[in-house]
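Below: the structure, in structure tokens.
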Amino acid sequence: MKLTDLDIIVTAPPAPGWGGRYWLLIKLTADNGIIGWGECYASSVGPKAMEVVIQDVFERYFSNENPENIERLFRRVYSSGFTQRPDLTVMGAFSGLEIACWDILGKHRERPVWALLGGMLNERIRAYSYLYPLPHHDPDVFWHSPEISAESALELVNRGYTALKFDPAGPYTMRGGHMPALADVSRSVEFCRILREAVGNRADLLFGTHGQFTTAAAIRLGQELEPYHPLWFEEPIPPDNFLEFAQVAKGIRIPVATGERLCTKFEFGALMRTGGASILQPALGRVGGIWEAKKIAAIAEVFNAQLAPHLYAGPIEWAANLQLAVSIPNLLMVETIETKFHDTLIRNSIQVDEGFVSAPQAPGLGIDVDEKLARAHPFEGEGLHLQMQDNLCSY
């Protein structure tokens, strides 16, 4: 079996647009006619430039190669350019291609991908969701109102969710990390207080940030949140200094989670050696794909750490996350985004039921991609998938 064709679809999810401005969907075809789907979670460059990178990586390393040779493919992409270091853009391209290879392999063997990763360990996978506005909410008001967010929290808890994420801690600025304004600290505490009162002990609170703070600021804020027992404090400082993550972890009594912006086992391994996090959040469309994430899970297991695969993308990366989640012993939970477009794009082939997802049983990734729908929503904007603000923190 050899890989013969690549197609890239840049899909823009319609409003409300949860999951990013666009999704980079990968369609690989093997010489036996089997099609595999993958997804790249890479936002360092725009989608037009990223398409060129994906095409280049495919033509250099994947074309006419057996999709079984995941290790060979990884080493060639990681090393052949005289790099041998994590590269978000190239490894993002590799990740989407690698996920598509696993989809092909599972379909070829008529087995789910998890069956090729060591088999089933977790029959049901705990899911969590961000707090998003309900249809009757004003989105401009929602993100700043703990009372309105509590309505979304209760709606999710009543549907069976046992973990909820929110991120009220101030601007995501390219000038970070910064020291939060007292107003940002007060608002964060108020969110935790009101949400905890609303859900009681029915759900864990997951406090999200996006690398906003300096080390001292993260400790200062984290200590203020401790009375409300968040399950985690997510990416409290920029992801480029693992030693400082260790200082944050030592300074607060909330587990530190991180990993959305990290790449390959080498970065996660360095983080683990510092003691900087106890919950890892690899994004499989960026980190190096499914096999690389399986290795990261093994490294984490040595350090008694858990995985909560990250999702701010489309349903193909979600499907890859679930295949990994079924197979690893140190799973905490997986992130989920429920929109009509997410569901329709894979023809409702995976569903959240009472806050859990059952282990997929269909071959490959276990999804049925609506290719016509994906092509019917092309991205025509100028922004990146995710983009930091330029503004300063207001004091």
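Just so you know, all these numbers are worked out from the coordinates, no wet-lab data involved. Keep in mind that this is a model prediction, so the values were computed, not measured. Backbone-built Cβ (ideal geometry, glycine too); neighbour counts: all protein chains shown.
Around the amide H of A163, modelled in the peptide plane, lie the amide H atoms of S129, D204, all under 5 Å away and 5 or more residues distant in sequence or on another chain. As a proxy for reagent exposure, ranking R253, R76, R193, R261 by other Cβ atoms within 10 Å from fewest up yields R253, R193, R76, R261.
For E382, E151, E234, the sequence from fewest to most other C-beta atoms within 10 Å is E382, E151, E234.
Using the Cα gyration tensor of the range 19-61, with a ≥ b ≥ c the square roots of its eigenvalues, what is the shape: rounded (a/c below 1.5), prolate (a/b larger than b/c) or oblate (neither)? Verdict is oblate for the range 19-61.
Note on the chain: antiparallel DSSP beta bridges, both residues inside, total approximately 50 percent of the bridges counted. Taking amide H as placed 1.01 Å from N in the peptide plane, G364 has its amide H under 5 Å from the amide H of G106, K107, R111, V113, each at least 5 places away in sequence or on another chain. Helical runs (DSSP H, four residues minimum) scored at -39500 (n - 2.57) apiece and divided by the length of the chain put the mean residue ellipticity at 222 nm at -11500 deg cm²/dmol. Kirkwood radius for the range 43-162, taken over all pairs of different Cα atoms as the inverse mean of 1/r, rounds to 18.2 Å.
Comparing P14, P238, P112 in a Gaussian network model of the chain, where Cα atoms under 10 Å apart are tied by springs, the biggest mean-square fluctuation is seen for P14. Tell me, how many Å apart are the Cα centres for the range 231-279 and for the range 282-309? If we compute the Cα centre of each part, the gap is 13 Å. Working from Cα positions, state the angle (0 to 90°, nearest 10) between the long axis of helix 182-199 and the longest principal axis of the chain. Computed tilt is about 80 degrees.
Each principal axis of the Cα cloud of the range 212-266 was evaluated for its coordinate range; sorted largest first, these ranges are 35, 20, 18 Å. Between 0 and 90 degrees, the angle of helix 242-251 with respect to the longest Cα principal axis of the chain falls at about 40 degrees. The string of couplings for the range 289-306 from the Karplus curve (6.51, -1.76, 1.60, θ = phi - 60°) is x, 6, 5, 5, 5, 4, 5, 4, 4, 5, 4, 4, 4, 4, 9, 6, 9, 10 Hz, one whole number per residue in order, with x for Gly and Pro.
For the range 136-288, the percent of C-alpha pairs falling in each 5 Å distance bin, counted from 0 to the bin holding the largest distance, reads 2, 10, 19, 20, 19, 15, 10, 4, 0, 0. Remark on W232: its backbone amide H falls under 5 Å from those of F207, a criterion applied only to residues 5 or more positions apart or on other chains, H modelled at 1.01 Å from N. Ranked for footprinting exposure by Cβ neighbours inside 10 Å, fewest first, D204, D184 give D204, D184. The equivalent ellipsoid of the range 150-218 has semi-axes of 26, 12, 9 Å, largest first, where each one is the square root of 5 times an eigenvalue of the Cα gyration tensor. Using the Karplus relation 6.51 cos²θ - 1.76 cosθ + 1.60 with θ = phi - 60°, the per-residue 3J(HN,Hα) values for the range 80-91 come to 5, x, 6, 10, 6, 7, x, 9, 4, 6, 5, 6 Hz, with x marking Gly and Pro. Any idea what log10 I(q)/I(0) is at q = 0.06, 0.14 Å⁻¹ for the chain, Debye with uniform C-alpha scatterers and no solvent? Debye curve over Cα of the chain, log10 I(q)/I(0) at q = 0.06, 0.14 Å⁻¹: -0.21, -1.27.
Scalar couplings 3J(HN,Hα) for the range 136-151, obtained by applying the Karplus form with A = 6.51, B = -1.76, C = 1.60 to θ = phi - 60°, are 8, 7, 7, x, 5, 8, 3, 5, 10, 10, x, 5, 6, 4, 4, 5 Hz; x denotes Gly and Pro. Compared with the dominant Cα axis of the chain, that is its longest principal axis, helix 70-79 is turned about 70°.
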